[in-house]
Amino acid sequence: PMPFSKNGVLKRDNYLCAYCGKQADTVDHIKPQSRWPELSRDWMNLVASCYPCNSKKDDRTPNEAHMVLRFQPYVPVGIRRR
């Protein structure tokens, strides 16, 4: 698998927000980092997100925030350069 990085998450998700599909500029912890710190650098717990969706979700799970993931995260094998 690829070494973890926030930029890698954005690339993996094609810079698209996992919640609304718009341009992503940050990453979101699906399970909040405050409650599951051991998942803070886990590919399967991070998705690309736009700032408005990340702010709306806040420190909650998508279910708690009444938000739906448009796609499921995965561990990338390799990422091509843009």
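Assorted remarks:
- On a per residue basis, segment 8-63 carries 52 Å² of accessible surface, using protein heavy atoms and a 1.4 Å probe.
- For the chain, the number of Lys pairs with C-alpha atoms closer than 19 Å, counting only pairs eight or more positions apart or on separate chains, is 8.
- Placing dummy labels 7 Å off each Cα toward the beta-carbon, the span from THR26 to HIS66 is 2.1 nm.
- Counted over the chain with a bin width of 10 Å, the fraction of Cα pairs per bin, in whole percents, is 20, 55, 23, 2.
- Surface share of carbon and sulfur [accessible, 1.4 angstrom probe, percent] for the chain: 51
- Computed label-point distance, nm, for sites TYR15 and ARG41 using a 7 Å Cα→Cβ extension: 2.6
The values are calculated or read from the model by the stated rules, or taken from the named source; none is laboratory data. Remember, predicted model here, so these are calculated numbers, not experimental data. Using ideal geometry, Cβ is built from the backbone for each residue, glycine included, and neighbour counts are taken over all protein chains shown. All accessible areas refer to the heavy atoms of the entire protein, side chains included, with ligands and DNA or RNA removed. Shrake-Rupley method; radii C 1.70, N 1.55, O 1.52, S 1.80 Å.
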